[in-house]
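Written out below as structure tokens is the structure these notes cover.
The values are calculated or read from the model by the stated rules, or taken from the named source; none is laboratory data. All values derive from a computational prediction rather than experimental measurement. Using ideal geometry, Cβ is built from the backbone for each residue, glycine included, and neighbour counts are taken over all protein chains shown. Remember, those area values only see protein heavy atoms, side chains included, never the ligands or the DNA or RNA. Shrake-Rupley method; radii C 1.70, N 1.55, O 1.52, S 1.80 Å.
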Amino acid sequence: MSSSTRIERWITPAVRALSAYHVPLATGMVKLDAMENPYSWPSNIVDEWVNELRRAAINRYPDPESRALKNALRDFLDVDQSVPMLLGNGSDELIQMMAMAMAAPGRTVMAPEPTFVMYRLIAEVLGYRFIGVPLREGDFQIDAEAMLQAIAMHQPAIVFLAWPNNPTGNLFDRGTVEAIIAAAPGLVVIDEAYYPFARDTWLHEFQRYDNVVIMQTLSKAGLAGLRVGMLFGSSAWLDEFNKVRLPYNINILSQVSAAFITRHADLLHAQTRKIAVDRETLYQTMKTLRGVKVWPSQANFLLFRVANDARAVFDSLKSRGILIKCLHGAHRALENCLRVTVGNEGENTLFLDALNASLT
Ligand SMILES: *Cc1c(COP(=O)(O)O)cnc(C)c1O
């Protein structure tokens, strides 16, 4: 029997229908495609960090509950030490854990779209039906009527709301989110991956509801390489999700490193504040470009539409050494759209020069 016969027989149709999450090679490029923080740490901080790593017992399994890191993260985020918390190997893993714990034939996962693609990807792998409810054209707000109708009709197990939304950069209207929470029969996940830039959160309100969990991550704050995602919610929900978590999902190097840098909160905050300021400068400049429509953003990226062919602009930028994200073809609402991550000042200037050259 050939392996392709076996694969057709055994790999599930949902998985065979997928394409793997594609990450383009970026060697030597100005990398503005993945919402990474462009800044490194001063050398004295790096030295302190390496000293802590020296003491990490890599011959032992790490603390399965990551207790020290959780305490450090609560302090860093200014949440009470009593708030239950679950960590994932990136928030991607938390999405997967919640979806796994709630998966059953015939169930639905829902999100307004366009949004973060992992909600759909993970849901479809696990056999859910994924319903994407189109955002309003123009301002990318949730179409409340359509969303509430879809919730009533499909009774979703999970509703994901990225707040701010990726790739549109906006915060959804709070009243609409409250209406969704009230209408949802299952769990509502508020994904605050861009909290370091939006500085607005549901962390201090979610306990008013019995069906809301809040997800954050260290990735966009400047630690994408560590893979640490945080989930806050009632212990009733989190205890269930914890059962599907692999016991040592946060490795010792990530536990030590993340706990270390959250004790230098000033450094991370200074970096993310600078990125937010530069985002506004970049936005104002892009607004003046002919043939470009740029949307305001509460995150560390900007979504923009070009009057010409977005793919050609993307390729032209790439040939000039600038890697951004082309979203044309990803969703109906993203026709000729591109997304650029805010870099450091030098990178933003290189991007603008290359964009100007690519538009003509
Ligand atoms: C980047 C991103 C994440 C993924 O974060 P990780 O913690 O790196 O897995 C989650 N949600 C949204 C909306 C994102 O844009």
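Odds and ends about this structure:
- Theoretical ellipticity at 222 nm over the chain - DSSP helices of four or more residues, -39500 (n - 2.57) apiece, nearest 500: -12500 deg cm²/dmol
- As a fraction of the 1.4 Å probe accessible area of the chain, surface on carbon and sulfur atoms comes out at 52 percent.
- For the residues Lys274, Lys287, a 1.4 Å probe over the protein chains yields an accessible-area ranking, largest first, of Lys287, Lys274.
- Residues of type aspartates and glutamates that Lys287 reaches as a straight line, Cα spacing below 16 Å, ignoring anything fewer than 8 places off in the same chain: Asp139, Asp278, Asp353
- Most positive-pole-ward Cα, Phe260, Leu231, Pro185, against dipole of region 119-275 from beta carbon charges: Phe260
- Hz values of 3J(HN,Hα) by residue in region 193-206 - Karplus curve (6.51, -1.76, 1.60), Gly and Pro given as x: 4, 9, 3, x, 9, 7, 6, 9, 8, 9, 4, 9, 10, 4
- Using only alpha carbons, the chain has a radius of gyration to Kirkwood radius ratio (Rg to Rh) of 0.97.
- Cross-link pairs beyond the 29 Å C-alpha cut-off, checked among Lys243/Lys325; Lys220/Lys318; Lys274/Lys325; Lys70/Lys318: Lys243/Lys325; Lys70/Lys318
- Applied to region 3-14, the Karplus parametrisation 6.51 cos²θ - 1.76 cosθ + 1.60 on θ = phi - 60° returns per-residue 3J(HN,Hα) values of 5, 5, 5, 4, 5, 4, 6, 10, 5, 5, x, 4 Hz, with x for Gly and Pro.
- The value of relative contact order for region 203-283, using C-alpha pairs under 8 Å at least six residues apart, is 23 percent.
- Placing +1 on the Cβ of every Lys and Arg and -1 on the Cβ of every Asp and Glu, with no other charges, gives the chain a dipole of roughly 820 debye about its Cα centre.
- The mean sequence distance of close C-alpha pairs (under 8 Å, at least 6 residues apart), as a share of the length of region 105-184, puts its relative contact order at 36 percent.
- The 3J(HN,Hα) values that the Karplus relation (6.51, -1.76, 1.60; θ = phi - 60°) gives for region 328-338 are, in residue order, 4, x, 7, 6, 3, 6, 10, 4, 6, 9, 9 Hz. Gly and Pro appear as x.
- In this structure the amide hydrogen of Asp143, modeled in the peptide plane, comes within under 5 Å of the amide hydrogens of Arg136, none closer than 5 places in sequence on its chain.
- With the charge dipole of the chain set up from +1 on Lys and Arg Cβ and -1 on Asp and Glu Cβ about the Cα centre, the Cα lying farthest toward the positive end among the listed residues Val15, Ser66, Gln96 is that of Val15.
- Taking region 192-246 and dividing mean pair separation by its residue count, relative contact order in percent (alpha carbons under 8 Å, at least six apart): 31
- The calculated FRET efficiency for the pair Ala330 and Arg208, based on their C-beta separation and a Förster distance of 25 Å, comes to about 0.10.
- Cα centroid separation, region 311-343 to region 85-140 (Å): 24
- Using only side-chain charges placed at the Cβ, +1 for Lys and Arg and -1 for Asp and Glu, the dipole size of region 1-131 relative to its Cα centre rounds to 660 debye.
- Under 5 Å from the amide H of Asn166 lie the amide H atoms of Phe116, each residue being 5 or more positions distant or on a separate chain, with H modelled from the backbone and absent for Pro and chain starts.
- If only the Cβ of Lys and Arg carry +1 and only the Cβ of Asp and Glu carry -1, the dipole of region 239-331 around its Cα centre is close to 320 debye.
- Residue (of Ile324, Thr349, Ala312) at the positive-pole extreme of region 277-360, dipole from beta-carbon charges: Ala312
- Taking every alpha-carbon pair within region 1-102, the share separated by more than 20 Å comes to 70 percent.
- For Asn37, nonlocal amide neighbours, meaning residues 5 or more places apart or on other chains whose placed amide H falls under 5 Å from its own, are Gly222, Ala224.
- Accessible surface computed residue by residue for the chain, with neighbouring protein chains in place and a 1.4 Å probe, gives 47 Å² per residue.
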